[in-house]
Structures are given as C-alpha cells and as structure tokens.
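Okay, structure first, notes after.
The values are calculated or read from the model by the stated rules, or taken from the named source; none is laboratory data. What you see is a predicted model, and the numbers here were worked out from it, not measured in a lab. Here the Cβ positions follow ideal geometry from the backbone for every residue, glycine too, while neighbour counts run over all protein chains shown.
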Amino acid sequence: MLDKLRSKMKVFLWVAAIAFIVSIGAGTIFGRSRRNRGQVPEQGLIGVVEGVPIQYRDFSEEYRQRIVDYAQRSGSEVSDATRDAIREETWNSMVTDILVTNEIARLGIDVPDQAVFDILWHNPPQSVYQSPAFQDENGNFSFDAYHREIQMHPERWDGVADYYRSSIQRQTLQREIQSAAMISDNELWDEFVARNEKVRVSFVGIDPRRLDREALKPTEEEAREYFQTHRADFERPAMVILSFVDLPKITTPEDEDDIVLRLEELASAVRKGEDFAELARVYSEGPSGPQGGDLGFFGRGAMEAAFEEVAFALEVGEVSDPVKTRFGYHIIKIEDRKTENGELQVHARHILIEMRPSEQTLVELESALRELSALTETDGLMAAAEALGYDIKATSPFVDGRHIPAVGDLRPAVKLAFDGVVGTPVGPYVTADAYYMFEVAEKLSSVLPTYDDLAGELRGESPEHPAAVALTIERQSDAALVIAEKIAAAVSSGQHLEDAAAASDYPVIQSQPFSRKDYVPGIGNGNAFVGASFGLRTSETSGVVHVENPNRYYVIRVEEKTAANQQEFTEQEASLRGQLLQREQMQVFSAWLEDLMAGAEINDYRDSFF
C-alpha cells in the first residue's frame, strides 16, 4: 500500500510545487479565445500543446478531483459558474504545465541528485508527515522511521524525488524570469499614499428606489407614449430550438460490479492488517477521506438507513462488506461504541467510492457519439437517430446566451446554433452528465411586440405593464436627481448641509475615515463617491455626485483629511516594497507566460466536449 500512498503524495507535492505558476497562468490564460474551434480531434484528445497530447480522461479526472477538493473546502454545493471556472482553471493548469516543462528543458535547467536527496531527506511530503505509518507511539512524526524507509526501499521514492526535482526546476525558472521585476521609489510612495491618506466625510444619499412609486406611476396613456418612444427596448430577441440526442453518463451494472470488487479488496486488505484510516485517505472519495474516513460518533437516524443498519450491526474493529447508499458504495469499520443519554452511538470510519461510469463505459459512449456525429453530418440528426435507435428530443425556445434548456451551460453550442441555419449540426459536446449531438431545428426571428401584445401576456393579480415599470424607474431616478440638486444648490447658497438635507427630509450620514483603497460601507470602493471625496478640500461641499451601480445621488462634505505620514512610510517601506515587488513579479511572470503561449502551438478541442 506504500506505493499507492506514494502515488497520492505526488499529487499533493505537485500541487504545492506549481501553485504559484498555476495561479498566475490561470489568470493569464483565462478567457482566451480558443484555437481550432470546430476542428474534430483525434479520439480521446481534448487538446495538444506543442505536440504533447492532453487526454480527455486525464483532463476529466483532474477536473473531477478539483471539484471534490473545492466542495470539501467550501462545504457547499458547487454552482454551475464555479464548475465553469474550475474547468477553465484545470485546462490552464495542464497547458501551463506542458509549456513550463518544455521551457525548462529548452533552457537546460537541471538539479543535482544530491540536492534532490537532501531536500527529500530533510523535508518529507506533507502526506507522509501526517501518515500514522511514520509516527511514534506518541503520535509524533518519526524521522528515524522515515529515513529507514528511504534507505530500505529507495526505489519507492523515485517518483517523489522526481517531483522534488521538478519543483526546484520550476522555482529556478520562476526566479530567473522574475529577476526583471523592480519597484521605483515613486511607485512605492504613490501606493503608500493611496493606502494611507484618509478622508472623513458627511454626506446625503438619495436612493431612487426608496421614493414613492405610487405617486410616480404613469397613466396608461403615458405608458403607451413611453413605449412608442422606447419600443426598441422591448424587442424580443431571436430564439432557437435545437433537436438533440443525449447519451447519459450512467453507471452500468458492470461498473458497479467493479466498484464493489475494489471495495472488497480494500476490506480484505484491512482484515489482513492494513490501516483502514490510511487506506481511506488514499482511496475514499467522500469529504471525510482526508481525515481517514472518520465520521465520529453518531446515533440512529443520523445516517442513511442502509448505512446505519450495517454500522450498528458491526462489532468494534469489524469491517463491513460493501454497502450501497445514494452517495455510492461504502465499506465501514467500527472504532468504538458508547451509550450517551440512554442512546447507543457508534464511532465509525468509512471508505466511499462514488457511483460513476468507468473509463471503459465512457470510451464506449464516446465511440457511440462519434458514430452519431459522423452520421448526422451526412444524413441529418433525425435520420441518424432513427438508424442508430436513439430517441430524439427538442429544447424549448431559448435566447442567445449560454444556457440551453434541459441541458445546461454550453456556450459554444449556443453560439454555433445562432450562427447556423436550420439543419446545421451542432456538436458533439460533453457535459458532466451526458454526451450530446444537436441540430438546429427552428430559428425564431426577433420581434418588436406591440403595447397590447405585452399587455395580453400579463399574469398575476396586479401586473404592471413593462413600459409602465420602466417609466416609473426612470421617474424615480429623475426625482432623486432633483432632490440632490436642490440640496446642493441650497448648500451653494450658504446653507449648512444639515439644514439643506433636513428641508428635504434626508439625514446627514457620517462616514468613518477611509482611504482610496478602502471599501466604504453602503457606498462601495473605487467609485465616483470616493474620487469626489478626495478631490475636495476640508469643509468643502460637493455638487451632485452620481454613482451608477447601484444608482445613487450624493452631496458630500469633507470633514477631515489625514495626509500620508512620512515617518510611517519609512517604517513600512521595506514591507510595502516586498508586497509590491511580489505583485510586480507576478505581472512579469504573467507577461512572460502570455508571450510563451502566443508563440506556442495549442490545439484546443474543448468545444467538442463542453
């Protein structure tokens, strides 16, 4: 099992080694336009970078692991937007890895074996450091046990040493590139001022949304007139209907048999003396995996019925056969039992393997999708589906964007659908749940509805016509501006801000001191309010200041200004220079990586899968 642990350690070490490079690379590459859009890749490839292939299965496994890690860290459901970001991050990471590896080879960056050995000897990977196999009777890490294992089985550590070598090479490359970064004294002082020059203000804020809507509602005649002058704002966009065939990623009986067999092997290994917690850290796919599968104590009713039934039937130290729940298959070990408040509780660990299609199943689905795609190109989706025995479905009409009803977020497919004509094949594509082949079934042109068309579609007890709603919002904003202008004019004529505000039934609000970099509660940061505040002298009052998002109008008076302190700058200079230098180093590396990518041959086939 140490070999398996070693394999797991590689992942942890690799993540640590390239964390800086990947974080920059992701920011650099994110949102880049894809090359080879629509080009059909070789089977199983999601991309090729400088001749180095990226297998779809490798990509999907890395993507899945990142999703699991995020879910464990956040403790929440992973949204579609987050999945998109993680998918992009996974691609960026794999592309960056290949390009950086190639550049290291080109520059001849090498690390002596002795340097690698010294690091391995004195710096055990975190996963090893936390492993019970290398801890003494008091639970402390034993360097003696660690060194003895390296000496007795050096071949087992070759892979870990390779990753240490890779880490040092990347750090060397990083240092060489970042050596060009520098911060001038002027840049340093400007940043200090932006952080430390402070202003405290009094202000009146007028929120249009808080004004009386009823008093500003238009008559139907006014709403009709507004509709006619703003009719283009109410245009219904063009829409598309897609026909499609989906091949769901469903776990087959054979896949489940394989999962059960894997868990049976793990259960057998534990019964023969292997450490359950260590196996859980390596193999369990549940959130408790990093904690050795530890579920703590629980009573009846806390777990799913099937899991609970087996757990309470086991004796202390006993390991179950595989148990199926909605989460997947588990094997369970009971660590302890106790009675608390008259209720029996058990302390359990488990190893969970989720139910998902095997690689063989995915390969078969991919092959079926390719066959469907090829036949669709020649005969159309309807004939292809009939010939291959697939049901054909249709989406509801949808607008240009990124969401396909009943399918999900497939922006590339949406773009092709709106660019194509009826009968255009769109796909194939892969989502987390299924493989898809689409065809444009119908295209609906944009429509300029009449006022009465919209009125006839209103639902509910007291629906408001969209034109009436839009005009009311516009009137609220205009009324808020009038109030702000009245207050500003009164102050300009000699009134105190408090008196001018009170005359319009508005309070004067006092802010805390803030800098140009700070977030101002209720106001935001980096907006017109902050800019106007620093543009005024002490005791000076502004005219009307408009912040667009959210829509607000302000009149501001500066109460106090605190200049940046030269002595504090001297005290903070070294620390601040370090912060700015690190930021500049990141920007230098980002620019270098951008240039590297611009000259690289990158074939990106993600649009064929997502």
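With the structure loaded, tell me whether Asp118 is in a helix (DSSP H, G or I) and over 28 Å from the mean Cα position of the chain (by Cα) or whether it fails that test.
Yes, satisfied.
Taking Tyr451, is it in contact with a helix residue (DSSP H, G or I) (Cβ under 6 Å, 6 or more places away or on another chain), of a type in the set (Ser, Thr, Tyr) and over 23 Å from Arg231 (Cα atoms)?
Judged against the criteria, Tyr451 is not a match.
Here are Ala484, Ala490, Ala501: which of them is surrounded by 18 or more Cβ atoms within 10 Å (Cβ to Cβ), free of Cβ contacts under 8 Å to residues at least 24 places away in the same chain and in a helix (DSSP H, G or I)?
One residue alone meets the criteria, Ala490.
Go through segment 416-433 and give me each residue that's among the hydrophobic types (A, V, I, L, M, F, W, C) and either more than 19 Å from Ala383 (Cα to Cα) or surrounded by fewer than 19 Cβ atoms within 10 Å (Cβ to Cβ) (or both).
Leu416, Ala417, Phe418, Val421, Val422, Val430, Ala432
Restricted to segment 452-473, and to residues that are in a helix (DSSP H, G or I) and touching a residue at least 12 places away in the same chain (Cβ under 8 Å), which residue is surrounded by the most Cβ atoms within 10 Å (Cβ to Cβ)?
Ala467
Is it the case, given these coordinates, that Leu381 is among the aliphatic types (A, V, I, L, M), surrounded by 14 or more Cβ atoms within 10 Å (Cβ to Cβ) and within 19 Å of Tyr605 (Cα to Cα)?
no
For segment 173-192, give me the residue count where each residue is part of a helix (DSSP H, G or I), exposed (fewer than 15 other Cβ atoms within 10 Å of the Cβ) and over 29 Å from the mean Cα position of the chain (by Cα).
5
Of the residues Arg165, Arg148, which is of a type in the set (Lys, Arg), loosely packed, with under 13 Cβ neighbours inside 10 Å and not assigned by TED's automatic domain parsing to the domain that holds Gly293?
On inspection, the qualifying residue turns out to be Arg148.
Test of understanding: among Val22, Val68, Val48, Val52, which residue is modelled with pLDDT under 85 and under 18 Å from Leu596 (Cβ atoms)?
Val22
Any chance you could count how many residues in segment 528-550 are assigned to a loop (DSSP other than H, G, I, E, B), modelled with pLDDT of 95 or more and not basic (Lys, Arg)?
Residues flagged as assigned to a loop (DSSP other than H, G, I, E, B), modelled with pLDDT of 95 or more and not basic (Lys, Arg) within segment 528-550 amount to 7.
Failed condition for Arg583, given (1) modelled with pLDDT under 95; (2) farther than 30 Å from Gln476 by Cα; (3) not in a helix (DSSP H, G or I), with all others met?
Condition (3) is where Arg583 drops out.
Which members of segment 46-81 meet the condition of being without any contact (Cβ under 8 Å) to a residue 60 or more places away in the chain, surrounded by 13 or more Cβ atoms within 10 Å (Cβ to Cβ) and of a type in the set (A, V, I, L, M)?
Correct list: Val52, Ile54, Ile67, Val78.
Within segment 365-405, which residues are within 25 Å of Asp255 (Cβ to Cβ), within 35 Å of the chain's Cα centre (by Cα) and free of Cβ contacts under 8 Å to residues at least 60 places away in the same chain?
Result: Glu371, single match.
With segment 197-316 as the region, which helices (runs of 4 or more DSSP H) entirely inside it contain at least 1 residues that are over 32 Å from the mean Cα position of the chain (by Cα) and hydroxyl-bearing (Ser, Thr, Tyr)?
220-229, 253-271
If you go through segment 111-126, how many residues are within 18 Å of Arg148 (Cβ to Cβ) and of a type in the set (Asp, Glu)?
Of the residues in segment 111-126, 1 are within 18 Å of Arg148 (Cβ to Cβ) and of a type in the set (Asp, Glu).
For segment 332-363, which positions are assigned to a strand (DSSP E or B), hydrophobic (A, V, I, L, M, F, W, C) and touching a Lys or Arg at 6+ places or on another chain (Cβ under 9 Å)?
Of everything in segment 332-363, those that are assigned to a strand (DSSP E or B), hydrophobic (A, V, I, L, M, F, W, C) and touching a Lys or Arg at 6+ places or on another chain (Cβ under 9 Å) turn out to be Ile332, Ile334, Leu344, Val346, Ala348, Ile351, Ile353.
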